[in-house]
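Any read-out appearing in this document is the output of simple, stated calculations on the displayed coordinates, not a laboratory observation. Values in this document were obtained by computation on a predicted structure and should not be read as measured data. So basically every Cβ, Gly included, is an ideal-geometry build from the backbone, and we count neighbours across all protein chains shown.
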Amino acid sequence: MDSFVRTLMSAPPLAAADELALARLARAGDAAARAELITSGLRSVALRARMLGIRGDDLSDAVQSGAIGLIRAVDRFDPDRGVRLATYAWWWIGAEMGRRHCGDVPLDDVDCGAEVAADADLPDDCLLDGLSDTEAEVLRMRFGLAPHGAESMPRHVVAERLGLTISQVRTIEGKAMRQLRGRLAKVVDRAPLH
């Protein structure tokens, strides 16, 4: 493992009370508090890259792109919602790593997800066939699928817009994703080996 990543992994996480205080200061515009939250959150970035199995030269690229996701999460984080920063940032970190590392698209191409979708030549709704209306709507909003545009929404926003709890959105999203994974597994199993 890269020594930089090893250093990030060994850094102790912030205590909940310290994180809460720093997050409130950061929301009020304190740049030093924001920087400390970002620095402490890099441990989650390294952990996510490691859990995704990213190794070698790609590891430092993944940490860099994951750090961008972490920064976005820190800037959007509301400490008074009862969620720890690492939990909130986990999706943002993975989303950036995925955006920057899908296929052979260069790292400077911010829209690699859209490019891959365009190459697939499938409308977003085709991917959601067979899901209930609520499941499809949750996935459209969570992952920025048509007709909502390319902007993905965090669970709390989806919950608010659909009149659901965050827990309900998480459950619906998980069920829908399991269905999609099951369908994908069937397609992959039938695909010819080259």
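A few notes on this one:
- Extension gain for the segment Asp129 to Trp91, taken as residue separation times 0.36 nm less the Cα-Cα distance, is 11.2 nm to one decimal.
- Each of Val169, Val83, Val45 was scored by other Cβ atoms within 10 Å of its Cβ. Listed from fewest to most, they are Val83, Val169, Val45.
- Between Ala15 and Arg76, the modelled labels are 3.0 nm apart [label points 7 Å from Cα along Cα→Cβ].
- Each residue of segment 164-177 was assigned a 3J(HN,Hα) from its phi angle through the Karplus curve 6.51 cos²θ - 1.76 cosθ + 1.60 (θ = phi - 60°); the sequence is 10, 8, 4, 4, 5, 4, 4, 5, 4, 4, x, 4, 5, 5 Hz, with glycine and proline shown as x.
- Only one residue of Ser10, Gly56, Ala67 has its Cα farthest out toward the positive end of the dipole of segment 1-96, where Lys and Arg carry +1 and Asp and Glu -1 on Cβ, and that residue is Ser10.
- Our estimate of slack between Arg6 and Lys175, defined as 0.36 nm per intervening residue step minus the Cα-Cα distance, is 57.4 nm.
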